[in-house]
Structures are given as structure tokens and as C-alpha cells.
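Below is one structure, written out as C-alpha cells, with a few remarks after it.
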Amino acid sequence: MSPQTPSPISAHSPNGLATVEQEIARACKEARRDRKSVTLIAVSKTFDASAITPVIEAGQRVFGENRVQEAKAKWPELMAAYPGIALHLIGPLQSNKAKEAVALFDAIHSVDRPSICEALAKEMNSQKRRPELFVQLNTGEEPQKAGVAPDEADAFIAACRDKYGLSISGLMCIPPVNDAPAPHFALTAKIAARNGLKNLSMGMSADFAIAIQFGATHVRVGSAIFGHR
């Protein structure tokens, strides 16, 4: 799947979306980057159609969900009503949900272990559908968090390509809550560069402007758009 070109956001957009758009534009300008080089993923997990619809109608077309089942319950109807939506899975993926994930999502940001690679390769070949794939890093090496350790990333990316035949688009990271995010973004960008990966999914509501400074191509913003859950 090709990266989504950001849609022009309506002047009548919800306040959160308009503010986030302004902040992305400002961060891009400071980093001397084209605004079109950053895709805003509006993270709509836990929100129902009544909260999502105004954001779609304001011009937002790329959305993120954490769970396959939740997305499956609410998005097919919304996507039928509003053509051109791109849906990204940004949460953990279980192997037994790979079939549904490949069918529904345009991008999967949580490729992090051989069993997922195997399941995705099987389903992508079966369905003839190729969602964009990101390898998730665990840059803080937190035991409770999913993702590939930084020192194992090169070998894992090579295995994705050579053993499983997967085309990897980029890397995703979620810095530890209590750490300064910049070193984690810098490490992710460094690993991506040496593996020839152009896309970086990093930065959330509290730190997306910093992520843009470090080359983020996809920022995942939920509460700053939809409010707190």
C-alpha cells in the first residue's frame, strides 16, 4: 500500500484535530520538512462512530485502532459510508487474528515475532492483499511491552525479508512513559536508516512534534484529537 497523502483539513474541523494539524505544520516547518511527508494517524480506539464521524467529515482519512475485533465491529460500516479511509493496526497482533487483520487493515505497525511473520505471510499470499508493514521496536527493552530489542532488530528485519518474504515499510516505537522520547526516536531512526527503511511510526499526543524533528513519517495521535478516554 502506498503512503496516504494527507487530506486538506476543513476549517470547521473539531478543535482537537485543527490544533493537532497546526502543531504538525509548525513542527514540519521547524524541521524544514514538507507537511506532506508526515501522515497523521487519528487513533480512534475505544471511540464509537458518533465520535469518529465528525473527524472524518473534517477531512481526516487515516485512522488507527489497537484491537482487530473492535475495528471489525465499527469500521466496515464507516468505510462504506466514507470512501478513501485508510485503517492502521497500531496495537498488538495475535497470530490467530492475522486473517482478519490482513483483510481489514491497510497497515500493520506491530510486526514483532516470527509467529506473526509466518501468519501474515500466509494470509497475504492467500488473500492477495499487501498491507504496509512496520516492525515494532522495544527501544526501552521493557519486559511488559511488545517489540523487538534494538540489538536484535537487524537480524529480525532480515528474517522478515529473506525467510518470510515480507516487505517491511518501516519501524514503529513507543518510548517508555518516564523516559525522554528523543533518544528513543533517534535510535529508531538510526536502525531504520541502516536497514534501508524510509518510514518511521513514532510520536503520540504528548511528543509527536519531537518525533517529527527526528524524522517521523507517521504520528499516532488519539487523545489530542478525540479527548481522554
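The values are calculated or read from the model by the stated rules, or taken from the named source; none is laboratory data. Bear in mind the structure is a predicted one, so any value in this text is a computation, not a measurement. Cβ coordinates were reconstructed from backbone atoms using ideal geometry, including for glycine residues, and neighbour counts include every protein chain displayed. Remember, those area values only see protein heavy atoms, side chains included, never the ligands or the DNA or RNA. Shrake-Rupley method; radii C 1.70, N 1.55, O 1.52, S 1.80 Å.
If we keep just the residues of segment 196-205 that are touching a strand residue (DSSP E or B) at 6+ places or on another chain (Cβ under 6 Å) and more than 17 Å from GLU152 (Cα to Cα), which is most open to solvent (accessible area, probe 1.4 Å)? Out of the qualifying residues, it is MET204.
Could you check, for segment 206-216, whether at least one of its residues is at pLDDT 95 or above, open to solvent by less than 30 Å² (accessible area, probe 1.4 Å) and farther than 19 Å from ALA42 by Cβ? Checked segment 206-216: at least one residue is at pLDDT 95 or above, open to solvent by less than 30 Å² (accessible area, probe 1.4 Å) and farther than 19 Å from ALA42 by Cβ. Based on this model, can you work out whether PHE156 counts as closer than 17 Å to GLY91 by Cα, of a type in the set (Phe, Trp, Tyr) and surrounded by 14 or more Cβ atoms within 10 Å (Cβ to Cβ)? So PHE156 does not fit the description; no. Total residues in segment 167-195 satisfying the condition of being free of Cβ contacts under 8 Å to residues at least 24 places away in the same chain and open to solvent by less than 60 Å² (accessible area, probe 1.4 Å): the figure is 1. One residue alone among ALA86, ALA31, ALA81 is farther than 22 Å from ALA206 by Cβ, over 19 Å from the mean Cα position of the chain (by Cα), open to solvent by less than 90 Å² (accessible area, probe 1.4 Å) and at pLDDT 95 or above, and that residue is ALA81. Scanning segment 126-149 for residues that are aliphatic (A, V, I, L, M) and either assigned to a strand (DSSP E or B) or touching a residue at least 24 places away in the same chain (Cβ under 8 Å) (or both) gives LEU133, VAL135, LEU137, ALA146, VAL148.
Pairs under 9 Å by beta carbon, first residue of a type in the set (Val, Ile, Thr) and modelled with pLDDT of 95 or more in segment 49-60, partner loosely packed, with under 13 Cβ neighbours inside 10 Å and assigned to a helix (DSSP H, G or I), six or more apart or different chains? Every condition considered, the pairs that remain are THR53/ALA81; ILE56/ALA81.
Among SER37, SER110, SER115, SER95, which is in contact with a strand residue (DSSP E or B) (Cβ under 7 Å, 6 or more places away or on another chain), hydroxyl-bearing (Ser, Thr, Tyr) and under 30 Å from ALA155 (Cβ atoms)? It is SER110.
Quick one: would you say GLU123 is open to solvent by 10 Å² or more (accessible area, probe 1.4 Å) and not in a loop (DSSP other than H, G, I, E, B)? Criteria met by GLU123. Can you find even one residue in segment 176-185 that is more than 20 Å from ARG33 (Cβ to Cβ) and among the small types (Gly, Ala, Ser)? Yes, that holds for at least one residue. Inside segment 101-114, residues that are in contact with a helix residue (DSSP H, G or I) (Cβ under 8 Å, 6 or more places away or on another chain) and open to solvent by 50 Å² or more (accessible area, probe 1.4 Å) make up a count of 2. Right, TYR164: open to solvent by 30 Å² or more (accessible area, probe 1.4 Å), in contact with a Cys (Cβ under 7 Å, 6 or more places away or on another chain) and of a type in the set (Phe, Trp, Tyr) or not? Judged against the criteria, TYR164 is a match.
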